[in-house]
Amino acid sequence: MLTINKTQMSAFQDSLIRAFEERTYAHLKLFFPRHCLLLGEEPMRKIIRQGWQKAQSYDLTAECCVRSYIEFTCRLGSGFDTDPLLPWAARILNDKTTLGQVERGDRLYDQAWDYIDHISQDYRDPTGKPTTARFMDELRNLRHGRDIVLTQSTYPDARFMDELRNLRHGRDIVLTQSTYPDFAREMAWRFETIFPAKCQYIGEQRVQNLIPRGVRSARAYGIATERGIILFTLLMFVLGNGFADDPLLPWASATLSDQRVANEIDRVDRLYAEGVGFLKRWWDSAPERGD
């Protein structure tokens, strides 16, 4: 009678995982060529392994369900399952009592594509042609100390206008309790102006809730100036709640954890440069049809 000991079983399971990794990497090279091109093979394999482990934590074991989970990791960020801006993801993934794993996978697929279809409007011009102009203009404004012009009739609060002028002249002002209300209002305005479709989809309250979370997260990395927090929070909004340690975005964690960059202004400038560089490489590598 054939028996299999624990060592043999472990080796067998490891071989199954490696085979899955090979099939999935081949799949990602075909359907996510830009990810594979910009990140390279080993980082993508790391994402596959991490996706496998996270899918298992949600009792997703069927290969089709695990691969779908990894695909949405690539589309929405590695932390999409716990992103407060995407509450439907956690709700579907954790609904193990009433839904089987295949049904959960199907619902996740439908909901994720509904979300993607809606927010894609923010990256198209009035004719429907893909564009990144609004977001890139906002980043350039941050880099050069310029702000979108606001009139007194739009924002009559004098102190708020003073703060915008300070940003315009490139001053790095430490965010304080007294300046936070105006800052939060400015951030909400930025989001609604640049990303109206996404703001409408996720709802005003979640947009508002992101702002203090962005402040806390930025400060955890030693970023306390308004310019730095604006940049950090914008990246959270666009790239995902966990962008700072997402293996899909290795430049972010490398920049924020680099102890050699002790000066906050230098760290913010580098985060800006790395972020813009990544986004430019990403968009430059897009297919000609702009998908």
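Computed quantities for the displayed model
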read-out	value
Lone unmet requirement of (1) crowded, with 20+ Cβ neighbours inside 10 Å; (2) part of a helix (DSSP H, G or I) for Leu85	(2)
Residue within region 218-230 that is among the acidic types (Asp, Glu) and either in contact (Cβ under 8 Å) with a residue 24 or more places away in the chain or at positive phi (or both) present	yes
The lone exception for Glu163 - which of (1) of a type in the set (D, E, K, R); (2) at pLDDT 85 or above; (3) crowded, with 17+ Cβ neighbours inside 10 Å it fails	(2)
Filter result (without any contact (Cβ under 8 Å) to a residue 60 or more places away in the chain and either within 11 Å of Thr233 (Cα to Cα) or buried (at least 18 other Cβ atoms within 10 Å of the Cβ) (or both)) within region 191-206	Phe191, Cys199
Failed criterion for Ile47 (all others in (1) modelled with pLDDT of 90 or more; (2) of a type in the set (Val, Ile, Thr); (3) surrounded by fewer than 22 Cβ atoms within 10 Å (Cβ to Cβ) hold)	(3)
Residues (part of a helix (DSSP H, G or I) and over 14 Å from Arg281 (Cα atoms)) located in region 29-43	Lys29, Leu30, Phe31, Glu41, Glu42, Pro43
In region 220-233, residue farthest from Ile119 (Cα to Cα) [restricted to those that are in a helix (DSSP H, G or I) and either under 16 Å from the mean Cα position of the chain (by Cα) or modelled with pLDDT of 90 or more (or both)]	Ala220
Conditions (1) touching a residue at least 12 places away in the same chain (Cβ under 8 Å); (2) outside any helix (DSSP H, G or I); (3) farther than 30 Å from Arg34 by Cα; number of the one not met by Ile211	(2)
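The values are calculated or read from the model by the stated rules, or taken from the named source; none is laboratory data. As the structure is a computational prediction, the values presented were derived from the model and not from experiment. Quick reminder, even Gly has a Cβ in these numbers, built from the backbone with ideal geometry, and neighbours come from all protein chains shown.
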